[in-house]
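Structure record follows, encoded as structure tokens.
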Amino acid sequence: MTQQPVVSPPPADEPWTVRRVLEWTTSHLKKHGSDTPRLDAEILLAHARGCQRIQLYTQFDEPLSDAVRAQMRELVQRRSKREPVAYLVGQREFFSLSFRVTRDVLIPRPDTETLVMEILDGVKGLSAPKVLDLCTGSGCVAISVAKNNKATQLTAVDLSAEAIAIAHENADRHHVTDRVEIRESDLFAAIPVGSKFDVIAGNPPYIPSAEIEQLDAEVSQHEPRMALDGGADGLTVIRRIIDAAPTFAVPNGLLLLEFTPEQAGTLETLLTDHGGYDEISIRKDLAHRPRVLRARFRS
Ligand SMILES: C[S@@+](CC[C@H](N)C(=O)[O-])C[C@H]1O[C@@H](n2cnc3c(N)ncnc32)[C@H](O)[C@@H]1O
């Protein structure tokens, strides 16, 4: 059995300084299953103190106020129950932008930055491209595209009214409300008939239902089921998108969908058998895993 390092509380007459709290919290979170206990401790303490993480290092010997200690106790307790740090501090960085997140939205993942890069590549050179972001959640994909290509007009939809509220907040925060229209919609249901998009993109739920319970507790117990559950084989929502998307695409427009690496082969077959798509390819993420399905709509 591995021995856990023991960090004892300071003697009663020694103050709880930044350093001591970081050491104690790191040790505690390690025992409670965190893979990144020191990083978690730093982010939570910086949040409780209302400072930058770097400032913890320049203020190592400062004692914490009672109010900060009380807040830190609560945060550490929640983190010990595997609540994700992003939910505890209410934000997560994605594509170098800070997004508000709550338990109503999936926490944006670095993997999904590949989808954003593919969308930006797909609209490059178009004068006023229209992009549809299906399954927008926090709005991180649509908003990152809007911030990085000022010519793009985006429509972002989600089935969850709570997620839509967060996406609105994030669009406000990043000043893109004039170019990102956000709608509550079951995929294409609320998209007006006759609308046409240059790029139809999305990061839909794609985890097979039976596999959700086997994921890390942070995901299975805390992230919204609606954001994860892709039905029996994980492809229920993706199949619906593949079937409906051609009606809403300009000729030669692009379909870009994120998926989990194991689904690559099945997805290529699905698209090929559909008959409405050309130039089918799979893009890899920064870790070189298959991650985004790319195809052109037949004209
Ligand atoms: C994997 S999350 C992606 C969130 C965000 N785009 C991201 O990449 O972080 C999937 C999202 O799809 C939404 N969703 C699930 N079924 C949907 C449907 N039928 N129509 C629209 N959105 C749906 C969920 O509410 C969730 O916000």
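The values are calculated or read from the model by the stated rules, or taken from the named source; none is laboratory data. Since this is a predicted model, take the numbers as computed values, not measurements. Quick reminder, even Gly has a Cβ in these numbers, built from the backbone with ideal geometry, and neighbours come from all protein chains shown.
Per-residue answers, yes or no, for (1) away from the ligand (no atom under 16 Å from the Cβ); (2) touching a residue at least 24 places away in the same chain (Cβ under 8 Å); (3) in a strand (DSSP E or B):
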| position | (1), (2), (3) |
| --- | --- |
| Gly234 | no, yes, no |
| Val237 | no, yes, no |
| Arg240 | no, yes, no |
| Ala245 | no, yes, no |
| Val250 | yes, yes, yes |
| Leu255 | no, yes, yes |
| Gly265 | yes, no, no |
| Asp278 | yes, no, yes |
| Ile282 | yes, no, yes |
Problem set entry | Only listed residue being on the phi < 0 side of the Ramachandran plot, touching a helix residue (DSSP H, G or I) at 6+ places or on another chain (Cβ under 7 Å) and touching a residue at least 24 places away in the same chain (Cβ under 8 Å), chosen from Gln71, Gln59, Gln52 | Gln59
Exercise. Looking at region 268-294, which of the residues that are more than 13 Å from Asp243 (Cβ to Cβ) and of a type in the set (A, V, I, L, M) is surrounded by the most Cβ atoms within 10 Å (Cβ to Cβ)?
Worked result: Leu293
Problem set entry | Residue among Ala232, Ala227, Ala249 that alone is touching a Pro at 6+ places or on another chain (Cβ under 6 Å) and assigned by TED's automatic domain parsing to the domain that holds Leu134 | Ala227
Seminar exercise, completed: Checked against (1) in the same structural domain as Ala142 (by TED's automatic domain parsing); (2) part of a helix (DSSP H, G or I), Pro108 satisfies every condition except (2)
For this session: Return the only residue of Phe60, Phe95 being among the hydrophobic types (A, V, I, L, M, F, W, C) and within 29 Å of Ile164 (Cα to Cα).
Result: Phe95
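In region 131-161, which residues are in a loop (DSSP other than H, G, I, E, B) and near the ligand (Cβ under 8 Å from one of its atoms)?
Just the residues of region 131-161 that are in a loop (DSSP other than H, G, I, E, B), to begin with: 135-139, 149-152, 159-160.
Answer for region 131-161, where residues must be in a loop (DSSP other than H, G, I, E, B) and near the ligand (Cβ under 8 Å from one of its atoms): Cys135, Thr136, Gly137, Ser138, Gly139, Leu159, Ser160.
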